[in-house]
Structures are given as C-alpha cells and as structure tokens.
Amino acid sequence: MADIAALPGGFVAAVRPLDPRAPWIPAWRALGAASLIRNPFYEAGYALAARDAFGAGVRLLLVADRPPEAPGARLVAVWPFRLSRRRWGLPLPLLMGWTHGYAPFGAPLLDGADPQAALAGLLAAPGVLGLPPRLLLPNAPADGPLPDLLTAQGGRRAAYWPHDRGLLDLTGFGPEARSGYLGHLSGQRRRKLRRARARLEAAGPVTFEILAAPDALGPALDAHVALETAGWKGQAGTSLAQRPAEIAFLRAALADLGAADGVRIARLRRGEQLLASLILPVTGREAWVLKIANDETRPETAPGVQLVHRLTEALAAGDWPIDRIDSCAPPGFALGTTFWTERRPIAHLLVEGGRDPLFPVARTLERARERVARARVTIRSGRSAPAVPASPPRRRP
C-alpha cells in the first residue's frame, strides 16, 4: 500500500494518521468549514480530540491539490476510516468510515466549490493507493446531495439499516410559520407539558439558558457529568464519570469548538441546581444533539423533555440564530420526534470505489449480516426489528 499517489485531474491522494502536529491541519479545518455537507464529527478539532479515546487504527483518506505537506496545499476531501479485513468472516476487506458513540453522522467532507470532483477523487483514491475498493459509510445521509453525487458518479452502492431520525428544520420559515411550529402537539400532550412544567417550577423558578462563552463550557461540562452520574447511568457504572478517556475527549472537543464559536450547552436550572443539560455542536446554522442529561429524582417533572421543548420554543421565536437541529438519535428514540416534525433519512451506505468485480459479493454479504443482526435484535427485544423498505427513503419536500 502506498501512502501517496497521483490522481486523474491533477489531484493527489494520501493516507495519513490522526496527527495534530501535521502541517495540513489548517487545510483540514478550512475544508470542514467549506464542506458541501457539514459534519462536525469529521472536522479537524473534534476528530483530533477524539483520537485518544476512539481513534485506534483510524487513518485519514485525503484528496488534495498537491502533497498535503507541501506549502499551500488545499484539501478537497477528507474521510476518516479503518481498514476492516474480515467484516464478513471472509478475507474480503473494506474501508469503514470512522464511527463511535459520539460520531453519529458519516458524511465525508467534500469541497463545496466542486463536490463532484472531490467525490470522484475520494472514490478513486483507494485504487491508486492499493486499498480495498469498497467503502462503508455508517450513518450517512440517505437523501440529498451525497446520494445525488454518488448517482452522478455512476458507481454501485447499497443501503443498509435505513431509518429516519428526528430533525428540527425551520429553513425558509417566516414569522407566522415559526410561531405555529409546535401547533402539531395534541391537546393531551400540551396538558402533560403544562402539568410537568408546573411541577418542575413548584420548588422555585426555573431558568432556561444557552451557554456559548468558552470559559463557561468547562464548568458546564463538569455539571453535566455530575448530573448524569447521579442517575441510572451512574448506578449502572456507565456514566461519563466512569469513563475518564471520554471526559478528556469532551473537554478537549468543547475547548476547540468553543474557541471557534462552534458549540452550545442548553440548560434548565433552578438557582444553582442543574435540572437538564444538552450539549450541541454547531456548524453554521445547524446544531447537533451530542449528549443529554437530566435530573431523575422526580420523573413526573420530565426535565429532559422540558429542556427540548424550551429549546424548540427558543428557536421558533428566533432567540438563537439556528435553523436546524439534528437529533442524532438512534431508531426508536422518541425525544426528538415528539417536538420536531421533520426527518433526516439515514443509512449505512456501501459504495464502490473504482471498478470492483467483488462488489456484488460484498453487497450480498452485508445484506446477510444485516438480516442476522435484525434477527438478534428481534430475539432480544421480543418484537420485530424495523423492516428494510423495498424502495429508497422518500425525500423530504
């Protein structure tokens, strides 16, 4: 395997480690901010912060206008991946997009000025570098620009584990539409929310706030961790307090994002008592739900639900200049879909990079793997796993 090679069209493909000292890190940051599809989890500051906790075996597939170490190099595509040699129990390797519990979106970074050329370079890169010509993009967008670009490329692909996750999208909404955004809530739901809010405020006034100041983020993270540890996760030994590497990652990520105005922490508190906390990376006018914690001592007050409700009201009122929030929620998680009516179709995309005579075999094996996994879910839960639709996910109008 080569670590750098020429591509058609004057581009260069390279494989590099996650190295915060690399000279091309500023070019990576610039690409993240200008990417066709923003993905905060693959952008430089966040990805480098996650290196020690989740980055074992991860490398970066880079496409640039010259060797990435050369002065003035411009990156047009970045995709963090691992080489998987026996995903299907056979010696049929593939490249798997980097995923972990804090990276719920798998769109590669593609130059927004010419995304077609950037994607073409990314798909051609494995062939010139001696890597497997099969790419698996976990939790990738199943509609919109990325699938459209893949279709234009003409290569083969297949989708697995498709699902729609909750999305708040106020793009293009005027004042009247914004003020009526929560009108879909039923009368019963509204009464429950009013009762829960009254119970929550019975012990004293509750403050809703959105923190952005860099010097406030560290203490807010500490309070978030303490709140989570006081609940069932702490009792089960799975809270952040029991995972120091993850706390270190979040602290580094918030410091980097905060310096660039790229994160918010939304909270409910009563005086100094934290009731609910939500960590939200921000890319332009879109935010992403990363972690939520809430006070579990009085479940009838539903502080986590109240926080999402208040956050939705704030955005609808224009109190925070954000148009979209991706819930980043797994299938079946109702908190985002309770208040947010839009949906983002998501799927694991198996993509052919260059001509691959074994792609049909890989496609069949991955489908079999999905069926086995669904059967296991069904056995464990005692109910049917979500079915794979016969047709592609419906595009949101």
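The values are calculated or read from the model by the stated rules, or taken from the named source; none is laboratory data. This is a predicted model, so every value here is computed, not measured. Note that we place each Cβ from the backbone using ideal geometry, even for glycine, and neighbour counts take in every protein chain shown. To get the accessible areas, we keep the full protein, side chains included, count just its heavy atoms, and leave off ligands, DNA and RNA. Shrake-Rupley method; radii C 1.70, N 1.55, O 1.52, S 1.80 Å.
Screening region 316-350 for residues that are out of contact with any helix residue (DSSP H, G or I) (no Cβ under 9 Å at 6 or more places or on another chain) and of a type in the set (Val, Ile, Thr) and picking the one that is modelled with the highest pLDDT gives Ile346. Each residue in region 331-361 was checked for being over 22 Å from His163 (Cβ atoms) and either open to solvent by 40 Å² or more (accessible area, probe 1.4 Å) or in a loop (DSSP other than H, G, I, E, B) (or both), and 8 pass.
Before we move on, is Thr364 modelled with pLDDT under 90, surrounded by fewer than 13 Cβ atoms within 10 Å (Cβ to Cβ) and assigned to a helix (DSSP H, G or I)?
On the way: modelled with pLDDT under 90: no; surrounded by fewer than 13 Cβ atoms within 10 Å (Cβ to Cβ): yes; assigned to a helix (DSSP H, G or I): yes.
Answer is no for this residue.
Which members of region 143-177 meet the condition of being of a type in the set (Lys, Arg) and surrounded by fewer than 20 Cβ atoms within 10 Å (Cβ to Cβ)? Selection gives Arg156, Arg157.
Pro175 fulfils the conditions (1) under 25 Å from the mean Cα position of the chain (by Cα); (2) modelled with pLDDT under 95 except for a single criterion, (1). Cβ separations smaller than 8 Å between residues 6+ apart or across chains give the following pairs from region 306-323 residues that are open to solvent by 20 Å² or more (accessible area, probe 1.4 Å) to residues that are acidic (Asp, Glu): Asp323/Asp169; Asp323/Glu286. Candidates are the residues of region 286-296 that are touching a residue at least 60 places away in the same chain (Cβ under 8 Å) and within 25 Å of Val225 (Cβ to Cβ); the one that is most open to solvent (accessible area, probe 1.4 Å) is Glu296.
As for region 71-94, it holds no residue that is in a helix (DSSP H, G or I) and on the phi > 0 side of the Ramachandran plot. What's the total number of residues in region 131-184 that are part of a strand (DSSP E or B) and of a type in the set (A, V, I, L, M)? The total comes to 8. If the condition is being touching a strand residue (DSSP E or B) at 6+ places or on another chain (Cβ under 6 Å), within 24 Å of Pro115 (Cα to Cα) and of a type in the set (Phe, Trp, Tyr), then region 29-61 contributes Phe41, Tyr42. For region 17-42, a tally of residues being touching a residue at least 24 places away in the same chain (Cβ under 8 Å), open to solvent by 30 Å² or more (accessible area, probe 1.4 Å) and not hydrophobic (A, V, I, L, M, F, W, C) returns 4.
Residue check: is Ala213 exposed (fewer than 15 other Cβ atoms within 10 Å of the Cβ) and at pLDDT 95 or above?
On the way: exposed (fewer than 15 other Cβ atoms within 10 Å of the Cβ): yes; at pLDDT 95 or above: yes.
Yes.
Screening Gly187 against (1) of a type outside the set (Lys, Arg); (2) at pLDDT below 95; (3) surrounded by fewer than 17 Cβ atoms within 10 Å (Cβ to Cβ) leaves a single unmet condition, (2).
In the list Ala140, Ala77, which residue meets the criterion of being without any contact (Cβ under 8 Å) to a residue 60 or more places away in the chain and crowded, with 23+ Cβ neighbours inside 10 Å?
Values: Ala140 fails: without any contact (Cβ under 8 Å) to a residue 60 or more places away in the chain.
The unique qualifying residue is Ala77.
Considering (1) of a type in the set (Ser, Thr, Tyr); (2) in contact (Cβ under 8 Å) with a residue 24 or more places away in the chain; (3) surrounded by 13 or more Cβ atoms within 10 Å (Cβ to Cβ), the lone condition that Thr229 does not fulfil carries the number (2). Looking at region 178-195, is at least one residue touching an Asp or Glu at 6+ places or on another chain (Cβ under 7 Å), on the phi < 0 side of the Ramachandran plot and among the charged types (D, E, K, R)? Checking region 178-195: not a single residue is touching an Asp or Glu at 6+ places or on another chain (Cβ under 7 Å), on the phi < 0 side of the Ramachandran plot and among the charged types (D, E, K, R). Among the residues of region 232-246, how many are closer than 15 Å to Ser277 by Cβ and open to solvent by 30 Å² or more (accessible area, probe 1.4 Å)? Number satisfying all stated conditions: 2. Filtering region 251-272 to residues that are within 16 Å of Gly32 (Cα to Cα) and open to solvent by less than 50 Å² (accessible area, probe 1.4 Å) leaves Ala253, Asp256, Leu257, Gly258, Gly262, Val263.
How many residues does region 1-47 hold that are polar (S, T, N, Q) and not in a loop (DSSP other than H, G, I, E, B)? Even if it seems obvious, please write down each step before you answer.
Narrowing region 1-47 to residues polar (S, T, N, Q): 35, 39.
Within this subset, residues satisfying the condition of being not in a loop (DSSP other than H, G, I, E, B) are 35.
The number of residues fulfilling the criteria is 1.
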